[in-house]
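Working notes for the structure below.
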Amino acid sequence: MKKKQIDSTVKVALLGFGTVGSSVARVLAASKFPGLELTHIFNRSVERKRTSDAAKVVPASVVWTEDIDDILNSNVDVVVELMGGLNPVEGWLRKALTAGKSVVTANKQLIAYRGANLAKLAASHNVHLVYGAAVAGGVPVIPGMLQGLGGDQVTRLSGILNGTCNYILNRMEGGADYATVLADAQQLGYAEADPSADVDGFDARAKLCILSRIALHSELDPDAVMTQTISTIEAIDFMYAKELNCTIRQVSRAQRDGSVVHARVAPMLVPLSSPMAWSHGTQNMVVASGRFGGDVVFSGHGAGGEPTAVAVVSDLLAVAQNCGTVQLPVRKRQVAGEFLAPHYLRFVVDDRPGIVSSIAGALATVGANIDSLLQRPGHPKHRLPFVVTTERSLTTTIDKAMKAIAKLDCMLERPLCLQILVPEDKPE
């Protein structure tokens, strides 16, 4: 599709001058890309932002405003949205696209829930909608999949899409407890005061849906994708995982099976031999499995102002040069969360005879078999943590057994159930 021809100088407006927005301004100032001119910055409480240290790199000619109409009614060519959320941002960007302005955004929730409709609106007005920074920050996953893997038939995606969770679980792997690490992550700016979007999987879920649209050509309802929190993971789980030659990561996975896409975001046991076990700190990693090209791994810094700003400015350059992207048909797909996989079950009990027999019986009732039993020494009998691993079973099958097991009067905590990721995992 031929896009609107933009003048040799592309006028750019930033919506949001926070961590990423200020980093974009810094990259533009440092690199002095010919043909790109920052002309407007929108932000609430704009005077505070305009007088901040971060604003020193902003040219004096830039118009600062807290009135969105100053942007929408201006002659800017590209609106760069870095504020996040759906409202009121969606309405603003719709007006910008309708007015003939291209949009560059890092807003994963907006693209996950509204991306398909916004793309149609952009096409109808012959302008660009580009969102390379919406997934994995500075890692070029989206352009890599669009341009580099467009010729393959990607059948499966798996990866680490949330740097905050990766940081927390990495620290816990070293022996720290969840509450302490979460507090540290909040102090460092990795986690919000309300961390639920990260730790409960909603952030990664949005990113997984975006990648599924691009790589699997499947439009998913984000609310239909199953999520599981990492907040129930404890240090003891890493000890048992190590005995199984695994670690624990928040894994996002999607696999297309005909008209159904099996998708899930959850903490899982990951073999130490897997590339995902090697991802540390706030790194992101995505593995795309193609029918013809095999596995392709994308890895790098998935969070932070400057890595994300690199992706945003790269998108800006693409828009300024009217670079097209591969357009492939996308269809709405039904979402299921079922994977046939071994499972890790951790119990904390007041020890007494017959517990293992009761657990085995509950599993046998639903047709699941025990693969191994692990019990580390040194724990008191009145509060004993131990682990059962199962042979391959559907998670819904295991969940049925877990509901019955949770009712046993010896259980001191709600049992924990995690999938164990293996390379040949298949959906049901």
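Against the numbered list (1) open to solvent by less than 70 Å² (accessible area, probe 1.4 Å); (2) touching a helix residue (DSSP H, G or I) at 6+ places or on another chain (Cβ under 9 Å), Ala360 comes up short only at (2). Give the stretch 139-163 a look and list any residue that's hydrophobic (A, V, I, L, M, F, W, C), touching a Gly at 6+ places or on another chain (Cβ under 9 Å) and either in a strand (DSSP E or B) or free of Cβ contacts under 8 Å to residues at least 12 places away in the same chain (or both), or say none. Listed by number, the residues that qualify are Val154, Ile160.
Looking at this structure, is Leu157 within 26 Å of Gly21 (Cα to Cα), open to solvent by less than 30 Å² (accessible area, probe 1.4 Å) and among the aliphatic types (A, V, I, L, M)? Here the answer is no, as Leu157 does not meet what is asked. Out of the residues in the stretch 13-40 that are polar (S, T, N, Q) and over 13 Å from Pro59 (Cα atoms), which is modelled with the highest pLDDT? Here the residue is Ser23. The single condition from (1) surrounded by fewer than 23 Cβ atoms within 10 Å (Cβ to Cβ); (2) of a type outside the set (Asp, Glu); (3) at negative phi; (4) touching a strand residue (DSSP E or B) at 6+ places or on another chain (Cβ under 7 Å) that Val261 fails is (1). Residue check: is Arg346 touching a strand residue (DSSP E or B) at 6+ places or on another chain (Cβ under 7 Å), at pLDDT below 95 and among the basic types (Lys, Arg)? When the stated conditions are applied, Arg346 does not pass them.
The listed residues are Asn170, Asn166, and the only one of them that is surrounded by 22 or more Cβ atoms within 10 Å (Cβ to Cβ), out of contact with any helix residue (DSSP H, G or I) (no Cβ under 7 Å at 6 or more places or on another chain) and in a helix (DSSP H, G or I) turns out to be Asn166. Evaluating Ser279 against the criteria (1) more than 18 Å from Arg392 (Cβ to Cβ); (2) modelled with pLDDT of 95 or more; (3) crowded, with 22+ Cβ neighbours inside 10 Å leaves one unmet condition, (2). Out of Val286, Val261, one residue alone is touching a Gly at 6+ places or on another chain (Cβ under 7 Å) and farther than 29 Å from Val388 by Cβ. It is Val286. Total residues in the stretch 60-115 satisfying the condition of being farther than 27 Å from Leu220 by Cβ, outside any loop (DSSP other than H, G, I, E, B) and open to solvent by less than 60 Å² (accessible area, probe 1.4 Å): the figure is 6.
Per-residue answers, yes or no, for (1) in contact with a helix residue (DSSP H, G or I) (Cβ under 8 Å, 6 or more places away or on another chain); (2) of a type in the set (Asp, Glu); (3) at pLDDT 95 or above; (4) over 28 Å from His301 (Cβ atoms):
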{"site": "Ser61", "(1), (2), (3), (4)": "no, no, yes, yes"}
{"site": "Ser74", "(1), (2), (3), (4)": "no, no, yes, yes"}
{"site": "Val78", "(1), (2), (3), (4)": "yes, no, yes, no"}
{"site": "Gly84", "(1), (2), (3), (4)": "yes, no, no, no"}
{"site": "Trp92", "(1), (2), (3), (4)": "yes, no, yes, yes"}
{"site": "Thr105", "(1), (2), (3), (4)": "yes, no, yes, no"}
{"site": "Ala133", "(1), (2), (3), (4)": "yes, no, no, no"}
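Taking strands (runs of 3 or more DSSP E) as the structural unit, those lying wholly within the stretch 272-352 and holding at least 2 residues that are within 18 Å of Ala134 (Cα to Cα) correspond to 283-290, 294-301. Residues that are in contact (Cβ under 8 Å) with a residue 60 or more places away in the chain and over 22 Å from Ala266 (Cα atoms) were ranked within the stretch 373-403; the one that is most open to solvent (accessible area, probe 1.4 Å) is Arg376. Would you check if there is a residue in the stretch 179-190 being surrounded by 15 or more Cβ atoms within 10 Å (Cβ to Cβ) and in contact (Cβ under 8 Å) with a residue 60 or more places away in the chain? Within the stretch 179-190, one or more residues are surrounded by 15 or more Cβ atoms within 10 Å (Cβ to Cβ) and in contact (Cβ under 8 Å) with a residue 60 or more places away in the chain.
Residue count for the stretch 28-59, restricted to those that are in contact with an Asp or Glu (Cβ under 6 Å, 6 or more places away or on another chain), open to solvent by 70 Å² or more (accessible area, probe 1.4 Å) and either under 12 Å from Leu14 (Cβ atoms) or not in a loop (DSSP other than H, G, I, E, B) (or both): 0. Just checking, does the stretch 212-221 include any residue being within 29 Å of Met172 (Cα to Cα) and surrounded by 19 or more Cβ atoms within 10 Å (Cβ to Cβ)? There is no residue in the stretch 212-221 that is within 29 Å of Met172 (Cα to Cα) and surrounded by 19 or more Cβ atoms within 10 Å (Cβ to Cβ).
Given the structure, is Lys207 surrounded by 22 or more Cβ atoms within 10 Å (Cβ to Cβ), part of a helix (DSSP H, G or I) and either out of contact with any Phe, Trp or Tyr (no Cβ under 8 Å at 6 or more places or on another chain) or free of Cβ contacts under 8 Å to residues at least 60 places away in the same chain (or both)? Answer is yes for this residue. Do we find that Leu418 is at pLDDT 95 or above and assigned to a helix (DSSP H, G or I) in this structure? So Leu418 fails the test.
The values are calculated or read from the model by the stated rules, or taken from the named source; none is laboratory data. All values derive from a computational prediction rather than experimental measurement. Using ideal geometry, Cβ is built from the backbone for each residue, glycine included, and neighbour counts are taken over all protein chains shown. Just so you know, the surface numbers come from the protein's heavy atoms only, side chains and all, with ligands and any DNA or RNA stripped out. Shrake-Rupley method; radii C 1.70, N 1.55, O 1.52, S 1.80 Å.
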